Amino acid sequence: MKCSMGDSQSELGVIHPLKPVYLHGDNKASIMDYKPMINIKPFGQCKSLLNPVVAAATAANFGKLQPMPCIPNTTMPWMAGKMNVLIKKQPALMNNDKLMCLWSGLIEIVDEGQES
């Protein structure tokens, strides 16, 4: 995955502790796999001034942007999903779905990890 406000990519964490759903040996994700630090890992350094840590560091740097470590702040499920394919009774996550971070970042899937 990548975030428009981060400087590096991250991997989606898919954790279904009780009954994971597998397809071709891989754990499958739904639109509900959006929890910060569990499903959505940091994206390196954040450059969004809506992130209070970045804003404070930038202010302390006399207004010059000061990126700070990314702590994702995702509060809503992924947008879209495959409505006719359910994972744990929720729409399956697809490679063109989007997720918003409250710090104004747009999170997208860069590589779905499936073999061609």
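Every read-out reported here was derived from the displayed coordinates using simple, explicitly stated rules and does not represent laboratory data. None of the values given here were measured: they were computed from a predicted structure. Counting neighbours? That spans all protein chains shown, and the Cβs are built from the backbone with ideal geometry, glycine included.
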Those cysteines in the chain that have no second cysteine Cβ within a distance under 4.7 Å are Cys3, Cys101
Other residues with Cβ under 13 Å from the Cβ of Met76 give, with Lys and Arg +1 and Asp and Glu -1, a net charge of 0
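Which pairs, out of Lys28/Lys82; Lys2/Lys89; Lys2/Lys82, put more than 24 Å between their alpha-carbon atoms?
Violating the 24 Å limit, Cα to Cα: Lys2/Lys89.
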Under the helix-only model (-39500 (n - 2.57) for each DSSP H run of 4 or more, divided by the residues of the chain), the mean residue ellipticity at 222 nm, to 500 deg cm²/dmol, is -2000 deg cm²/dmol
By the Cα gyration tensor axes a ≥ b ≥ c (a/c under 1.5 gives rounded; else a/b larger than b/c gives prolate, otherwise oblate), the shape of the chain is prolate
Which of Val14, Val53, Val85 fluctuates most in a GNM of the chain (C-alpha springs under 10 Å)? That residue is Val85
Comparing Pro77, Pro52, Pro36 in a Gaussian network model of the chain (Cα, 10 Å), the one with the largest mean-square fluctuation is Pro52
